[in-house]
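What follows is a single structure, written as structure tokens, with notes after it.
The values are calculated or read from the model by the stated rules, or taken from the named source; none is laboratory data. Note that the structure is predicted; figures quoted are calculated from it, not measured. No Cβ is skipped: glycine too gets one built from the backbone with ideal geometry, and neighbour counts run over all protein chains shown.
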Amino acid sequence: MTLLHKPRIILGLITAFVFSIADFSSIRAQAPGAKKPQGGLGVSAPAGKLYTYKESAGKPRNMEIYFPPNHNPATSKVPGLILFHGGSWSGGSLGQFRIACEYFASRGMVCATAEYQMLNKSQASDLPVGETRKRVCVSDAKSAIRWFKQHADELGIDPDKVITGGGSAGGHISALATLNPGLNDPTDPTGIDTSVVAYLWFNPAFATDDDQDAEIDVLRFIHPDLAPAIIFFGDKDPWKKGWDVAYSKWKSVGNKQIDLQIAPGQSHSFFNKDPWQTVTLVAADKFLVELGLIAGDPTKKMPTSGEKLVQDDAAE
């Protein structure tokens, strides 16, 4: 007898399927690759394991986490890396750093890429005078870093060896999340700070007009003991103007731990695609090796087309 003659069986299968969907949707940590990226810069890399690190504005805020091969959190505590995507503080997706996270996980780190609340134009227009839409981004980034540290045992990371960074707006957000003592979410766990041991900044967008809102102006939080940082910029990037002001101020207070790498002839977001994506990841890899956070030679190979970064003379 076929299933067409067994309505009760069909009904049971449908019911089980519906409930399985409901159960699946309630799970906040999903298997790697459960959701394929819909286009974007990391489309060739699988999605990481999905976690919800908080809720803000009534919505879950997620991060994808990538683990080293055969990683056992019970016996291994490795450095952690958390990256924030760009998108002008109003867009972007987790796809931007999937390739980077997958690569650095293969090099022995637990790597995360985190999203954050973004206000649309209408919401931003309702803010008080002197307050910009960037504040909510920074507050969520601080929560993400704290969640990452808070769950160090579960994830198998050393909370004293956390690295952060990001691209464009994500670079700005990661800087303020670690340098500004304010903009904290009152629901965050007390006693967990957002300090890091290093930065990976991909053309961080430090706007020259951020002085209109003191809380998101990097220049107000520059001090000599910035953790070691590697920064990538194209020499044709209009956003480099804001970076140059901040860089000059860091040098003026005696900071000597900034490694500025220039991509000749390149503009904003050059690092998002090959060959420059590979070039910057290899350079970031060597930077982390020098700091003793990972070991060995990069497993990515430099492109045969010959693209190379140039170390900024002023960084010597």
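Taking Gly167 as meeting all but one of (1) surrounded by 18 or more Cβ atoms within 10 Å (Cβ to Cβ); (2) over 18 Å from Ile65 (Cβ atoms); (3) among the small types (Gly, Ala, Ser); (4) out of contact with any Gly (no Cβ under 8 Å at 6 or more places or on another chain), write down the number of the exception.
Failing condition for Gly167: (4).
Do any residues in the stretch 84-107 that are closer than 23 Å to Thr132 by Cβ have Cβ atoms under 9 Å from those of residues that are in a helix (DSSP H, G or I) and among the aromatic types (Phe, Trp, Tyr), where the two are at least six apart or on different chains, and which pairs are they?
Cβ pairs passing all conditions: Phe84/Phe97; His85/Phe97.
Can you find a residue in the stretch 196-209 that is loosely packed, with under 15 Cβ neighbours inside 10 Å and over 22 Å from Ser252 (Cα atoms)?
No: zero hits.
If Ser305 passes every condition in (1) surrounded by 14 or more Cβ atoms within 10 Å (Cβ to Cβ); (2) not in a strand (DSSP E or B) but one, which one does it miss?
Checking Ser305 against (1) surrounded by 14 or more Cβ atoms within 10 Å (Cβ to Cβ); (2) not in a strand (DSSP E or B), the one that fails is (1).
Just to be sure before I move on: is Gly296 touching a residue at least 40 places away in the same chain (Cβ under 8 Å) and part of a loop (DSSP other than H, G, I, E, B) in the structure I sent?
yes
Could you please let me know if Ala205 is in contact (Cβ under 8 Å) with a residue 40 or more places away in the chain, of a type in the set (A, V, I, L, M) and in contact with a strand residue (DSSP E or B) (Cβ under 6 Å, 6 or more places away or on another chain)?
Spelling it out, it is not the case that Ala205 is in contact (Cβ under 8 Å) with a residue 40 or more places away in the chain, of a type in the set (A, V, I, L, M) and in contact with a strand residue (DSSP E or B) (Cβ under 6 Å, 6 or more places away or on another chain).
Considering only the stretch 72-168, give the helices (runs of 4 or more DSSP H) lying wholly within it that have at least 2 residues that are within 28 Å of Lys273 (Cα to Cα) and modelled with pLDDT under 95.
none
With respect to Phe67, determine if the residue is in contact with a Phe, Trp or Tyr (Cβ under 8 Å, 6 or more places away or on another chain) and not aliphatic (A, V, I, L, M).
no
Failed condition for Glu290, given (1) surrounded by fewer than 16 Cβ atoms within 10 Å (Cβ to Cβ); (2) closer than 30 Å to Leu127 by Cα, with all others met?
(2)
Just give me the residues in the stretch 189-244 being farther than 19 Å from Phe271 by Cα and among the acidic types (Asp, Glu), in sequence order.
Correct list: Asp193, Asp209, Asp210, Asp211, Asp213, Glu215, Asp217, Asp225.
Search the stretch 283-316 for residues being closer than 21 Å to His85 by Cβ and aliphatic (A, V, I, L, M), and hand back the single one that is nearest to the chain's Cα centre (by Cα).
Restricting to residues being closer than 21 Å to His85 by Cβ and aliphatic (A, V, I, L, M), the top hit is Ala284.
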